[in-house]
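Below: the structure, in structure tokens.
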Amino acid sequence: MDIKAFFNKLFKKETPATAAPSSSDENRFAGYSNEEVGKIILEEKKKKARGKFLNNKNVRKWAWALIRFLLILGLSYIILYPLILRVSVSFKTVNDVFDSSVVFIPKEGTFNNYKNFIHTIGYPSVLLYSCGRAAVAGLLQAISTLLVGYGFARFKFKGRGLVFMLVMFTMIIPTQVYILGMYLKFRFYNPLTLYNLDAFNTSGVTSMLFGLFDMNYSSVNLLGLSAAWKSAFGSAPGPIIGFFLDNASLFLLSMFAVGFKNGLFVYMFRQYFRGVPKELEEAAYIDGAGFAKTFFKVMLPGAVPMFVTVFLFGFVWTYNDIIFTQQFNGSSEQIMAIVIQSSNIVNKFASLAGGWDTPEVQLYQNVGVCLHLLPVIVLYIFCQRSFVQSIERSGLVG
Amino acid sequence: MDEAAKKFSSALVVPGEEKFVSGLKRTREKKPRTIAQKRAIAGWIFISPFLIGFIFLLFPPIYTSLMFAFSDVFTASEGYAGFTLVPAGFKYAETLINDLTYLQFAGSSLATLGLQVLTIIIFSFVIANILNQKFKGRTVARAIFFLPVITSSAAIVLLNAFDPLYSTANNTATSSADELQLMGQILGLVEAFKLPTDATKTITGLVGNVSTMIKNSGVQILIFLSGLQSISPSLFESSKIEGATPWENFWKITFPMISPLILVNTVYTVIDSLSGLDNQLMNYLYTKKISQYKYSAGAMESWAYFLVVFAITGIVALIISKLVYYENE
């Protein structure tokens, strides 16, 4: 490496106009090795800086540490402030709320808000249902996007670029654009008439396929599988089967890597696998392992932190989502994101507190927000280690 | 070449890895396709979940909603839960001009785009650099900074908007009188130094919205941080030996190495701010389609807006990709 040329280029600006020309500069270091040249330069810089207070290395270091500390402290406060405020309000009585001398720590304090909220909505079962739903969806999304991401990263085949464009497309298009079309297609689901616009037209002219059967009445209602089960078997499905039937559309989308923001997950896995050295895989192939074995035994163990990160994202975005959930599980009062803003529940609060415009109603809703965030934050604390680790192993680099 | 060696070398051939077997005689010409084909098939199997999902679950709804924009939609007669589409051509294109709320929201989204993207990118870049330095409590600081990615929920945003109690408590905690006084002093300074008032107002506005900015830059900080982690420390070591200052290191090493991620982040930020869940226009269109039953007009407007977003994303990506430095090329 031509280190002196590089050095000259780097410091061209700093060479004063009156200083000796660069040729003598080069001669100056004629007898030295590269490292010695570096040391000499550093010494010269130090000599120049000596005597100026702000150029003192320690002063600079400490000043920067102080500024950094204040900046991080301030921004952390801004991030944590709304959470702290909500938690503090959730323990306040009505008197505390309107007492302007109370800021964060309530004077009277009460657990009644929590008691009433948990009792009214049946929090344990709602918690179990919404977390279970988000966990299954997150797990399915993580598994499917893992496979797809690996396929894009490590195999060459015709049309790969084109299919990856489709993944990008699913990442860019907002859910709100196609949510209604999705509702209709899933309400009258028939894999053979997916691109037939009359397929959901139950009252119009019938269309026949091969003259064999009437397509219009052969669609499946993916949103009402529980009811279908009931009419087929005579009794409502049990809690576990019912759980899967009620969330069938969400789980189907997750299973096939086309759920909410799954394009981003595929991208993350793809970038991660592109960064893994190829030698690992080649060694496995030479030892006679097949594609599946290589993937499960060699590639998968290293991808665990990334997997946990994607699972966390999948869980949280399913758990927090309301647009898709409202459309596909609209009446369900088992899902926390819907419960905390459902007018039905607000009615219950109002009758409990003795009126619509009583402040208690809002206190209960505020407790709802705290309890809504509780499982997410607990999960985050558990996943945090591998979350940060996966960032450090850099799945996302360009 | 004997039989065993042939077998061995053909087992080694991996497409695109010819140099791998350069020591042995190449046998690609004899049995060229088997392994390449196998790998291609394995590739298709690995990506098949997405393909099936896209063809059978995701694209039909997208296609349907596109067709909504060019049809009259009639809800079916009572007793049926169906819709009838009658082709209507470009009949609904005129709502693009007539719907003033739509135009206003779209205009304001696009007008604030540039400033928003610029501030988010700079902010997240600075924060990622700080979080990448070594200091005590770094893990805790990182955990706190990624928290908004986890806790920003549309349900909570909706509740915040209609919660008088929360805002009462909020006002008590941050006494607004103090803020007004501070603003007054700043404006006094501005007048005293004859600084441009508009610029100052923009800056104070940004500072006032710092919490929104943090909330919107969580993912970007994460992406930048991952990029910073991946820069090889040996680069910094060798430049230090040659006597470079941290400032020079930043501009000559960190910045070029991170530039591909600036592209990724800019595209992500443009998409997020134009079509994210808390975009005014998106919520307006959603309400129009779902609650007001204006399916065709709503679909036409959202597709037109989506096309604009798509075009802007493409242009921004094109411009920035010219400035990006790739290490391998």
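Values in this text are rule-based calculations from the coordinates and carry no lab data. Please read all numbers here as calculations on a predicted model, not as lab measurements. FYI the Cβ positions are ideal-geometry reconstructions off the backbone, even for glycines, and counts take in every protein chain you see.
Key figures
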| quantity | calculated |
| --- | --- |
| Shielding by partners, peptide A:76-83 (average Cβ within 10 angstrom, other chains) | 5 |
| Mean Cβ neighbour count within 10 Å, used as a protection proxy, ranking A:263-275, B:108-120 highest first | A:263-275, B:108-120 |
| Test item: A:183-190 mean partner chain Cβ contacts at 10 Å | 4 |
| Residue-averaged beta-carbon neighbours from other chains (10 angstrom radius) around A:278-287 | 2 |
| Which of A:Met306, A:Leu352, A:Leu373, positive extreme of dipole for the stretch A:121-392 (C-beta unit charges) | A:Met306 |
| Sorted by Cβ density within 10 Å, fewest first, the residues A:Ile381, B:Ile231 | A:Ile381, B:Ile231 |
| Förster radius 45 Å - calculated FRET efficiency between A:Phe69 and B:Ala199 (Cβ-Cβ, nearest 0.05) | 0.90 |
